[in-house]
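Below is one structure, written out as structure tokens; the observations come after it.
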Amino acid sequence: MRAPLAAMHSAKTREFGGRLLAMLTGNVLTQLIAIGHRTGLFDAAASGSATVAELAARAGLDERYVREWAGAMVAGGILDYEPGASRYRLPPEHAPLLAGAGASNVGPAANMLGTLAAVLPSVARCFTEGGGVPHAEYAAVAGAALGDSWRQIYDEQLISGFLPLVAGLLDRLEAGVRVLDLGCGTGHAINLMAERFPRSRFVGLDLAPAAIALAEAERAELGLTNASFTVADATELTAEPGYDVVLAFDAIHDQREPATVLRRIRQALAVDGVFVMVDADFSSHLENNLDNPYAALSYGISLLYCVPTARAQGGPALGALWGRELATELLAGAGFPDVTFHASPRPQNYLAVCRPTRPRRDSPAGPCGAAGDRSTLADEAVARAEAPDTPAEDQ
Ligand SMILES: C[S@@+](CC[C@H](N)C(=O)[O-])C[C@H]1O[C@@H](n2cnc3c(N)ncnc32)[C@H](O)[C@@H]1O
């Protein structure tokens, strides 16, 4: 006779088994949250308690599928259930996190995680064969979903939350300046700013043609004449025509050659220009990130998106958790000795205000890795990223 599981394993193993069960459950619930977001089920549930039939009718969906979804939502503690009346309810305290167009709605993030799962076989292949997964492969499965989580954040927090952190920036945008958003993705930040600040001129640059097509379509729909978009490799950014403000939202660590891109930005900035870099708020050292509740999620997203897309371009792939220490070193090496890190409206991101030394427009940016351009930490990070047999724990 086989011993019961409880008797076979130590308390520690059983406790870990419980945590693993919670992880597997969380994975499935994340996928169902994505479905609830895509189909409008959470918005339907937010408008009041309902039977399954009423929920399905409100959202215009097949009742049988909604019943199974609602069962999982109740068992997962997301919806409340009233057994006598067979009614389901989205608690008002849960609603801002799952319904509506606010920045706190996790639906777009759950949806984005679902699309990342579609490229798992390609990422797994990279473990054995090296190389990367091109952005186009993600775009083919994700479409606009890749930019959706930032879209809602920009709507709520760009103009009232992020931009005011940079002293004097709102006044300069009102007066009229030249702005570049580097790695603009689907371009929503540019379009919002161009609408709000008609005297300024905005350019969005990204390597991904599919993202730029979506950005341009939104610009045309809004009838904006002070915004434009271009498909380009940021590594080849030129010093002319020059910008007063360069923004990069969550984009520098994804670059093929981050150190080169930072130098190019410095050279493209006007003398009194400012570079505003929003990036993931972590340390460059794993051991300092262990108490950060976003660390495991961010390492995972970095592995499933940031590293493969950068490697596909032939880059070192710094990863999303390149951290403040390495960012400070690379910025200093690029001619930004004066960097102030601010807490951003999102705990996952810092906003770094980077002021240049006097720009040397006569000295073109050399290739990433040119002698004397990188500091010790940067050298180590690039070497680690390039070493095929580096254990994950070291990253
Ligand atoms: C995480 S996304 C940034 C999201 C974007 N800022 C937004 O608001 O949605 C990183 C972006 O950097 C772009 N990118 C990566 N390497 C690039 C390169 N070498 N030149 C230009 N853009 C690049 C990617 O195509 C992607 O859109």
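The values are calculated or read from the model by the stated rules, or taken from the named source; none is laboratory data. These figures come from a predicted structure and were not determined experimentally. Ideal geometry is used to build each Cβ from the backbone, glycine not excepted, and the neighbour counts take in all protein chains shown.
When the helices (runs of 4 or more DSSP H) confined to the range 23-113 are screened for residues that are touching a residue at least 40 places away in the same chain (Cβ under 8 Å) and surrounded by 18 or more Cβ atoms within 10 Å (Cβ to Cβ), those reaching at least 3 such residues are found at 41-46. On inspection, Leu207 qualifies as within 11 Å of the ligand (Cβ to nearest atom) and surrounded by fewer than 23 Cβ atoms within 10 Å (Cβ to Cβ). For the range 245-258, the criterion of being in a loop (DSSP other than H, G, I, E, B) and within 19 Å of Met193 (Cα to Cα) is satisfied by at least one residue. Within the option set Gly333, Gly273, being away from the ligand (no atom under 16 Å from the Cβ), assigned by TED's automatic domain parsing to the domain that holds Gly131 and either under 20 Å from Leu165 (Cα atoms) or out of contact with any helix residue (DSSP H, G or I) (no Cβ under 9 Å at 6 or more places or on another chain) (or both) holds for one residue only, Gly273. Annotation note: Cβ proximity below 6 Å between a residue of the range 200-212 that is more than 16 Å from Gln255 (Cα to Cα) and a residue that is of a type in the set (Asp, Glu) and more than 6 Å from the ligand (Cβ to nearest atom) (sequence gap 6+ or interchain) occurs for no pair.
Thr225 passes every criterion in (1) over 30 Å from Ser200 (Cβ atoms); (2) away from the ligand (no atom under 12 Å from the Cβ); (3) β-branched (Val, Ile, Thr) apart from (1). Filtering the range 289-325 to residues that are more than 15 Å from the chain's Cα centre (by Cα) and either under 19 Å from Ser344 (Cα atoms) or free of Cβ contacts under 8 Å to residues at least 12 places away in the same chain (or both) leaves Asn289, Leu290, Asp291, Asn292, Pro293, Arg324, Glu325. A Cβ distance below 8 Å, combined with a sequence gap of six or more or placement on separate chains, defines the contacts here; from the range 140-152, residues that are in contact (Cβ under 8 Å) with a residue 40 or more places away in the chain reach residues that are near the ligand (Cβ under 9 Å from one of its atoms) and of a type in the set (Val, Ile, Thr) in the pairs Ala144/Thr186; Leu146/Thr186; Gly147/Thr186; Arg151/Thr186.
Considering the range 136-147, the residues that are outside any loop (DSSP other than H, G, I, E, B) and surrounded by 15 or more Cβ atoms within 10 Å (Cβ to Cβ) include one that is nearest to the ligand (Cβ to nearest atom), namely Gly147. Among residues that are assigned by TED's automatic domain parsing to the domain that holds Gly187, within 10 Å of the ligand (Cβ to nearest atom) and out of contact with any Asp or Glu (no Cβ under 6 Å at 6 or more places or on another chain), Gln255 is included. Looking at the range 121-135, can you tell me whether even one residue there is assigned by TED's automatic domain parsing to the domain that holds Ala211, in contact (Cβ under 8 Å) with a residue 12 or more places away in the chain and exposed (fewer than 15 other Cβ atoms within 10 Å of the Cβ)? Yes, the range 121-135 contains at least one residue that is assigned by TED's automatic domain parsing to the domain that holds Ala211, in contact (Cβ under 8 Å) with a residue 12 or more places away in the chain and exposed (fewer than 15 other Cβ atoms within 10 Å of the Cβ).
Please find, within the range 231-242, the residue that is farthest from the chain's Cα centre (by Cα) out of those that are within 15 Å of the ligand (Cβ to nearest atom) and under 24 Å from Val339 (Cα atoms). Filtering the range 231-242 for residues that are within 15 Å of the ligand (Cβ to nearest atom) and under 24 Å from Val339 (Cα atoms), the one farthest from the chain's Cα centre (by Cα) comes out as Thr238.
For (1) buried (at least 24 other Cβ atoms within 10 Å of the Cβ); (2) closer than 27 Å to Thr340 by Cβ; (3) in contact with a Ser or Thr (Cβ under 9 Å, 6 or more places away or on another chain); (4) among the small types (Gly, Ala, Ser), each residue gets a yes or a no:
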{"residue": "His188", "(1), (2), (3), (4)": "yes, yes, no, no"}
{"residue": "Gly223", "(1), (2), (3), (4)": "no, no, no, yes"}
{"residue": "Asn226", "(1), (2), (3), (4)": "no, no, yes, no"}
{"residue": "Phe229", "(1), (2), (3), (4)": "yes, no, no, no"}
{"residue": "Phe275", "(1), (2), (3), (4)": "yes, yes, no, no"}
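Do you know which of the residues in the range 276-330 that are closer than 16 Å to Phe127 by Cα and aromatic (Phe, Trp, Tyr) is nearest to the ligand (Cβ to nearest atom)? In this case the residue turns out to be Tyr305.
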